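Novice: Take this structure first; my questions come after.
The values are calculated or read from the model by the stated rules, or taken from the named source; none is laboratory data. Predicted model, so just to flag it, every value in this text is computed and none were measured. Reconstructed Cβ throughout: ideal geometry from the backbone, glycine too, with neighbour counts over all protein chains shown.
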Amino acid sequence: MKVDKSTQDLLLSIQKTNQIYLEGNILKLLESEDVEFLKYLAYCKSRDKESRIKRLEVTKKVQSQNKELELVNQENVKLMNELKESLQESNTLKEDALRAKDLALDDLDILQKRTQTELIGTIVRIALWIIIGVGIITSFLFGIVIIKGSDSKIIESTWSNLFGILLTNSFSIIGTIMGVKYASEKTYNK
């Protein structure tokens, strides 16, 4: 395709004033008989060739970086999945540990209550044996006084007071133990 003189002059003028050159496939189509314009076209073709080479290098570099980024992204996705799995496993282990802790606390509570009940039973049993023992001994001594025919007025009142004190103390011991047991049960339930 031949370019007329006015278009050639316009393109040369743009090149000189603005440093703007023609590019692309249109350079293959342009023809001229003007030597200066042919030099201009040759220069434009060489610039275009260099520009295409640079663009190709940039494109290859970008494609290479994209491949690297894609590989890194795949690795990140893999690591994120592993992290999620680890977190889920950690949460499962945490839940198992909490269940084990709750079971251990329940077992400890049952053991403490059983030990406490056994202790209370032992204290009550011993207190009752002491009360019965004192009652038997006092009754035996009172019986000896009656058999001997001695003055039993003092012994009768002492025997009566002693049984009253023993009975009061036994209820006091049992009441105290039951109060402690009731208070400790309220503390455990909180």
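Novice: Could you check segment 120-140 and list, in sequence order, the residues that are among the aliphatic types (A, V, I, L, M) and surrounded by 13 or more Cβ atoms within 10 Å (Cβ to Cβ)?
Specialist: ILE120, ILE123, VAL124, ALA127, LEU128, ILE130, ILE131, VAL134
Novice: Give me the residue from segment 1-29 that is surrounded by fewer than 11 Cβ atoms within 10 Å (Cβ to Cβ) and either among the aliphatic types (A, V, I, L, M) or within 60 Å of the chain's Cα centre (by Cα) (or both) and, out of that set, farthest from SER51 (Cα to Cα).
Specialist: Only one residue fits best here, namely MET1.
Novice: Within segment 48-60, does at least one residue satisfy the condition of being among the aliphatic types (A, V, I, L, M) and touching an Asp or Glu at 6+ places or on another chain (Cβ under 9 Å)?
Specialist: Taking every residue of segment 48-60 in turn, none turns out to be among the aliphatic types (A, V, I, L, M) and touching an Asp or Glu at 6+ places or on another chain (Cβ under 9 Å).
Novice: Name the single residue that is nearest to the chain's Cα centre (by Cα) among those in segment 141-190 being among the basic types (Lys, Arg), at pLDDT below 75 and exposed (fewer than 11 other Cβ atoms within 10 Å of the Cβ).
Specialist: LYS190
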